[in-house]
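Q: Below you will find the structure I want to go over with you.
Just so it is clear, none of the values below were taken in a lab; they were calculated from the coordinates. Small disclaimer: the values here were computed from a predicted structure and weren't measured. Don't worry about glycine lacking a Cβ; one is built from the backbone with ideal geometry, like all the others, and counts go over all protein chains shown.
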Amino acid sequence: MKKQIVTLDEKGYQVNADRLTAIAETVLGTLSDESVLELLAERRTLEKENTAYERERDEKEQRVQAAAAERQAIEQALVELNTSITPDKDDDTLLALVAERKKLEAKLAALGESEEIVVADPIPEAEASEPVEEKSVEEPEKIIESPVAEEVAEEPAAASKPEPVAEAVAPAIADVEPEEATKKEEKVPQKILDERIGGERINMATSSADAKEFLQLLEENPDDALSRLESLPDELKKDKGFMLKVAAVDPAYAMHYADAKTLKKNEEFNVKIASMNNPRNSGNPLAEMLSEARTAPVVMAAVKNDFRNLRYAMPDMEGYTDMLEIAKKQAREKVKALGQAVDLRMFLPKALRDDQAFLEEAEQIIKDLKEKQQ
């Protein structure tokens, strides 16, 4: 029977991709004519579904990028407006400037709400945009809120600017006696190596029971544990060591629920997340990052992990040329492994599709493989 085309989420997209890979590896010569025709029909249907998903994901990514650009423009206008509000101006001018500032702030708040809706509302996924959610395949029962799908660009936006990560800083000791200074320095929390939590001990001062219970459940029943992640205390969502422990099981979930004002702005944390594989295929952690947090080191780590993350690289990024070469090398290997089943225009990220020389090289690889099989 011919499979009905449905709207995919990231999981469905990945299931289709896995099935396409399996079809590509099938030795058709050993099958009956009827079976071959059924496989070809199934492949066409799966490709149509994935293509539709990618198109929707790309559109959503464009909306997200447009909203980010608008937010940046409004914030810049507010900075300039605040600079112009000075005591030397007359009352009428000041009132007009204040009224204009209120309009901009209201617009910024409204934009923040719309961005939150976009992030909460999953869209179909595929390799053109970023995380998304729509249903076409079976989903785990207990997952309450699956982080946005694999390759659709989105970022959990908040109307207020994230505050810098809270770091333990030694108190000033300029006019303090040597003994007092020593005592104060001894009180400063220090990072302690702990094999249990990715090299850093969790600060369990207020949430020890919560942390221990969650980590135990994470080992025994990951699906159940991750469904409870949202309800954990904020202190744990700000704790890098704890969230990296979660990321070892599911980096997309860890990035989705990491504290937006601290961890999501921490480049070291983001680089580690970008370097991780996601065995649960729940989504792409880069899609869960703040757009401004996708720095060159973060994207480089992501591209090394999966060449398709090249979609997040910007031409003006430091190391962009190296990213391209790394992505090309991985793409060649994938094309050789998948052979004739690869639809290059769906499989390759846009930067590689736009590289005519590389596209021709990939097409030649497929052609050579086809001739060998004949």
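Q: Going by C-beta contacts inside 10 Å, put D259, D250, D355 in order with the fewest on the left.
A: D355, D259, D250
Q: Follow-up question, since we're still on this one. Among rounded, prolate and oblate, which fits segment 244-289 when a ≥ b ≥ c are the square roots of the eigenvalues of its C-alpha gyration tensor, a/c under 1.5 means rounded, and a/b larger than b/c means prolate?
A: The shape class here is prolate.
Q: Rank these for me by crowding, S282, S32, going from fewest to most other beta carbons within 10 Å.
A: Arranged by neighbour count, lowest to highest, S282, S32 become S32, S282.
Q: Report the semi-axes of the equivalent ellipsoid for segment 206-254 in whole Å, largest first, where each axis is √(5λ) for an eigenvalue λ of the Cα gyration tensor.
A: 15, 12, 9
Q: Given 0.36 nm per residue, what is the gain on full extension from L217 to L28 after removing their alpha carbon distance, in nm?
A: My answer for the length gained is 63.5 nm.
Q: Using label points projected 7 Å from each Cα along Cα→Cβ, tell me how many nm separate D91 and R228, to one decimal.
A: Each label point is offset 7 Å from its Cα along the Cβ direction, giving 6.1 nm.
Q: Along the Cα-to-C-beta direction of R345, a point sits 7 Å from the Cα; which residues of segment 26-62 have their amide N less than 11 Å from that point?
A: none
Q: Another question about this same structure. Starting from the 7 Å offset along Cα-to-Cβ, what nm value, one decimal, do you get for the label separation of E100 and E47?
A: About 5.6 nm, to one decimal.
Q: Here's something else I'd like to know. How far apart, in nm, are the 7 Å Cα→Cβ label points at L37 and Q364?
A: About 3.8 nm separates the two model spin labels.
Q: Of K240/K264; K102/K261; K240/K265; K48/K334; K212/K238; K238/K261, which ones are farther than 18 Å apart at the Cα?
A: The pairs that break the limit, which is 18 Å between Cα atoms, are K102/K261; K48/K334.
Q: A further question on this structure: Round to a whole angstrom and tell me the spacing of the C-alpha centers of segment 51-74 and segment 225-293.
A: Taking the Cα centre of segment 225-293 as reference, the centre of segment 51-74 is 22 Å away.
Q: Follow-up. For each of V271, V335, count neighbouring Cβ atoms within 10 Å of the residue's Cβ, then give the residues from fewest to most.
A: Sorted ascending by nearby Cβ count, the order is V271, V335.
Q: Here's a follow-up. Could you rank the peptides 96-103, 345-352, 293-300 by their average count of other C-beta atoms within 10 Å per residue, with the highest value first?
A: Result, highest mean Cβ count within 10 Å first: 293-300, 345-352, 96-103.
Q: Below 8 Å between Cα atoms, with a sequence gap of 6+, how large is the relative contact order for segment 297-374 in percent?
A: Result for segment 297-374 is 28 percent.
Q: While we're here: Answer rounded, prolate or oblate for segment 297-374, using the Cα gyration tensor with square roots of eigenvalues a ≥ b ≥ c: rounded when a/c is under 1.5, else prolate when a/b is larger than b/c, else oblate.
A: prolate
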